[in-house]
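Here the structure comes first, spelled out in structure tokens, and everything after it is commentary.
The values are calculated or read from the model by the stated rules, or taken from the named source; none is laboratory data. Predicted, not measured: the structure shown is a model, and the values here were computed from it. Cβ coordinates were reconstructed from backbone atoms using ideal geometry, including for glycine residues, and neighbour counts include every protein chain displayed.
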Amino acid sequence: MTQNCLTLTITTQQGRLDTVLRDAFTQLTRSHIQNLIKAKLVQVNGVSVKAKYVVTPGDYIVIKLPKPVSLTAKPEKMPLDIVYEDADVLVVNKPQGMVVHPAPGHSHGTLVNALLYHSPLSTINGVIRPGIVHRIDKDTSGLLMVAKNNLAHQSLAAQLQAKTTQREYLALVHGNFKEQRGTINAPLGRAKNDRKKQAVVADGRHAVTHFEVLMRFKAYTLIKCQLETGRTHQIRVHMRYIGHPVAGDPLYGPKKTLSGHGQFLHAAKLGFKHPRTGEQLTFSVAVPPIFKQTLVTLEKSVDS
């Protein structure tokens, strides 16, 4: 292995090039590998080939890795739906479709870019995630608390760790529940066969989601979820795990689902103690219009 290159000599295994490389280099996702192959940055015996090329013993593979691009978050003038703001904290209603902070493939147009234009932010999480204490997925809408200085950041982060914050989500999920409420206690970690996904795994991180049924439809159920922990994709993976994937979820849901702008998941309620005064603050916001209209349509189908 040389700088900016990965090499592999095939000894016994055979199979598609992209599959073999995914198994050999677990730090690379299959989609990343396929993009490298399309860009002719993968050569087998000195020749660029396609992803479906079948490797055989003796093949020598070289992957040329592009030099990493250093990410910085720059202020951008964009509208923000600010629910609350003072000198220490800010609570924002993030729209569906907006990424929280810059990442590969999303260098601008994120919530952080908009926040930097609006206000000073805490620096504890570095230049890519200033002010960000917790996150929600790109296609999840709803409330986020943001730290405007390091004192606020430390307090809010400590409250999250101590599980004293209140975070309630509304989720429209597939299927019908027999029970009215329940708790999912299942550890989460990276999926073994797809690094973009999370899954319930024996050696995963502790994850607990409480849920309560709010409305029942013919093939869907509206539930309220309360997070005890905040793992990546927690509600989405836990719901799939119990057989009720979130409607519209492109990653964990079925292909036949409700059309929208991604998963029907909304961070509806957020509560925490003010980092300076200790006052308990609680905020709530309504679901986005497409979520609301879908509920109206489903309710009509029940009545018809």
| query | Restricting the search to the range 245-275, which residues are under 20 Å from Ile136 (Cα atoms), in a loop (DSSP other than H, G, I, E, B) and of a type outside the set (Ser, Thr, Tyr)? | reply | Pro245, Ala247, Gly248, Asp249, Pro250, Leu251, Gly253, Gly260, His261, Gly262, Gln263, Phe264
| field | Residue in the range 92-111 that is in contact with a helix residue (DSSP H, G or I) (Cβ under 8 Å, 6 or more places away or on another chain), of a type in the set (A, V, I, L, M, F, W, C) and either assigned by TED's automatic domain parsing to the domain that holds Leu265 or not in a loop (DSSP other than H, G, I, E, B) (or both) present | value | yes
| Breaking point among (1) surrounded by fewer than 13 Cβ atoms within 10 Å (Cβ to Cβ); (2) within 22 Å of the chain's Cα centre (by Cα), for Pro57 | (2)
| task | Report whether or not Thr165 is surrounded by 16 or more Cβ atoms within 10 Å (Cβ to Cβ), of a type in the set (Val, Ile, Thr), touching a helix residue (DSSP H, G or I) at 6+ places or on another chain (Cβ under 8 Å) and without any contact (Cβ under 8 Å) to a residue 40 or more places away in the chain. | result | no
| the range 207-235 - residue that is more than 16 Å from Glu168 (Cβ to Cβ) and touching an Asp or Glu at 6+ places or on another chain (Cβ under 9 Å) and, of those, surrounded by the fewest Cβ atoms within 10 Å (Cβ to Cβ) | Thr232
| task | Scan the range 205-244 for residues that are in a loop (DSSP other than H, G, I, E, B) and either free of Cβ contacts under 8 Å to residues at least 24 places away in the same chain or farther than 26 Å from Ile132 by Cβ (or both) and report the count. | result | 7
| field | Test: Asn193 is part of a loop (DSSP other than H, G, I, E, B), free of Cβ contacts under 8 Å to residues at least 40 places away in the same chain and crowded, with 17+ Cβ neighbours inside 10 Å | value | no
| task | Kindly indicate whether any position in the range 285-298 is at negative phi, among the basic types (Lys, Arg) and touching a residue at least 24 places away in the same chain (Cβ under 8 Å). | result | no
| request: Show the residue pairs that are 6+ apart or on different chains and have beta-carbon atoms under 8 Å apart, the first residue being within the range 15-27 and free of Cβ contacts under 8 Å to residues at least 60 places away in the same chain and small (Gly, Ala, Ser), the second being surrounded by 15 or more Cβ atoms within 10 Å (Cβ to Cβ) and not in a helix (DSSP H, G or I). | output: Gly15/Val55; Ala24/Leu8
| query | Applying the selection to the range 162-187, what residues are of a type in the set (Lys, Arg) and modelled with pLDDT of 95 or more? | reply | Arg167, Arg181
| query | With (1) at pLDDT below 95; (2) over 14 Å from the mean Cα position of the chain (by Cα) as the list, and Gly230 as the residue in question, which single condition is left unmet? | reply | (2)
| note | Of (1) part of a loop (DSSP other than H, G, I, E, B); (2) under 19 Å from the mean Cα position of the chain (by Cα), Thr164 fails just (2)
| When both residues are 6+ apart or on different chains and their Cβ atoms are under 8 Å apart, which pairs have a first residue that lies in the range 28-55 and is in a helix (DSSP H, G or I), and a second that is crowded, with 17+ Cβ neighbours inside 10 Å and among the charged types (D, E, K, R)? | Arg30/Asp18; Arg30/Arg22; Ile33/Asp18; Ile33/Arg22; Gln34/Asp18; Ile37/Asp18
| query | Is one or more of the residues making up the range 142-159 crowded, with 20+ Cβ neighbours inside 10 Å, charged (D, E, K, R) and assigned by TED's automatic domain parsing to the domain that holds Gly126? | reply | yes
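Conditions (1) assigned to a loop (DSSP other than H, G, I, E, B); (2) outside the structural domain of Asp139 (by TED's automatic domain parsing); (3) surrounded by 12 or more Cβ atoms within 10 Å (Cβ to Cβ), marked per residue:
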residue	(1), (2), (3)
Gln13	yes, yes, yes
Val20	no, yes, yes
Met78	yes, no, yes
Tyr84	no, no, yes
